[in-house]
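One structure is given here, and the rest of the page talks about it.
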């Protein structure tokens, strides 16, 4: 989401210059690649760009091809094969080792891609974009690079205009939402063969911090780097206002209002006061948060568990599975900044359904292959 916001900012900054631009987007990856499907870069005809489609090895060529697409006023698919030992192949020796398809689409007045991306950053719900990445019939009203927006709340697909394709897309969009994985699908219709990249864009992560001591500031700083939405509950008089500029939602711990917690929210209880953390834990367990962290030693949480049981409400296996106490990955963290890094790494592992071990010990590919 951070990259999409940066792309939109650059576009809006340059809008008054009347410069034409194009978007280059990774739509298919085979084997290894630094960036995965969905990675984007916005390129202006002057060469100014934002975003990225690789670790730096493909951006230069993609920039030139984007400028050509702007001049020709037509989209194209570029395939980069960095898996072969060919010194003339772009990307060799620069970290890539796979086949990458990049869709380059000029931004036109009648196009709606950027409008769809604006929708994605302005609400806390999942979004789905379906983009045509290959088509065998130029006479069709469908075209390469055409994008449709699927509203996950109303379950409607915008402006597809092809009843049979729309029905197939609805089924495959449901599969993407269920698996939480973007995918490319191939369709054969009457006289028409096409591929569509169905991209899931979830809302950005939300960090809900319950605490007001000096160790909350590294958490806020790291959240800003990651561009996560931040809520903080604490003694507002105690907190340093100059360190809270990135906090979107502030709540006094003396009031009954709380952050809005959804399935993309990570909660961190760090009041350093047992009764306060226990009270906040009871509240947050009633939310859909998949990650609830409690700072402190294991014996402190064991005491909390005993207290829940003594009141006749023992923690269920499902609740225990969402509570991380002690929290963070074991990296030898000691300072508040190191502890924040440890907690953030654990949050990412949990939301990605990973174990958080060392990659050099991983036998399978880093990213799922399909």
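Miscellaneous remarks
- Residue in the stretch 81-94 that is surrounded by 20 or more Cβ atoms within 10 Å (Cβ to Cβ), modelled with pLDDT of 75 or more and not assigned by TED's automatic domain parsing to the domain that holds residue 196 present: no
- Selection within the stretch 38-63 - modelled with pLDDT of 80 or more and either outside the structural domain of residue 17 (by TED's automatic domain parsing) or over 20 Å from residue 11 (Cβ atoms) (or both): 54, 58, 60, 61
- Pair list, Cβ under 6 Å, 6 or more apart: the stretch 172-194 residue touching a residue at least 40 places away in the same chain (Cβ under 8 Å), other residue buried (at least 17 other Cβ atoms within 10 Å of the Cβ) and part of a helix (DSSP H, G or I): 183/176
- Per the listing 31, 37, the residue uniquely farther than 19 Å from residue 106 by Cβ, more than 18 Å from the chain's Cα centre (by Cα) and touching a residue at least 40 places away in the same chain (Cβ under 8 Å) is 31.
- Some residue of the stretch 184-201 being outside any strand (DSSP E or B) and farther than 21 Å from residue 284 by Cβ: yes
- Within the stretch 101-137, tally of residues that are in a loop (DSSP other than H, G, I, E, B), in contact (Cβ under 8 Å) with a residue 60 or more places away in the chain and under 22 Å from the mean Cα position of the chain (by Cα): 4
- Residue 207 vs. criteria touching a helix residue (DSSP H, G or I) at 6+ places or on another chain (Cβ under 6 Å), on the phi < 0 side of the Ramachandran plot and loosely packed, with under 15 Cβ neighbours inside 10 Å: no
- The one condition in (1) without any contact (Cβ under 8 Å) to a residue 24 or more places away in the chain; (2) under 17 Å from residue 211 (Cα atoms) that residue 353 fails to fulfil: (2)
- Taking the criterion of being surrounded by fewer than 18 Cβ atoms within 10 Å (Cβ to Cβ) and in a strand (DSSP E or B), the residues of the stretch 16-73 that qualify are 30, 31, 32.
- The criterion of at least 3 residues that are under 21 Å from the mean Cα position of the chain (by Cα) and within 26 Å of residue 225 (Cα to Cα) is met, among helices (runs of 4 or more DSSP H) falling completely within the stretch 250-356, by 336-351.
- Which numbered condition residue 223 fails, given (1) outside any loop (DSSP other than H, G, I, E, B); (2) surrounded by fewer than 19 Cβ atoms within 10 Å (Cβ to Cβ): (2)
- Residues within the stretch 325-348 that are out of contact with any helix residue (DSSP H, G or I) (no Cβ under 8 Å at 6 or more places or on another chain), modelled with pLDDT under 95 and surrounded by 15 or more Cβ atoms within 10 Å (Cβ to Cβ), tallied: 0
- Sole residue being surrounded by 15 or more Cβ atoms within 10 Å (Cβ to Cβ) and within 18 Å of the chain's Cα centre (by Cα), chosen from 218, 202: 202
The values are calculated or read from the model by the stated rules, or taken from the named source; none is laboratory data. Predicted model only: the values in this text are computed from it and were never measured. We place every Cβ from the backbone using ideal geometry, glycine too, and count neighbours over all the protein chains shown.
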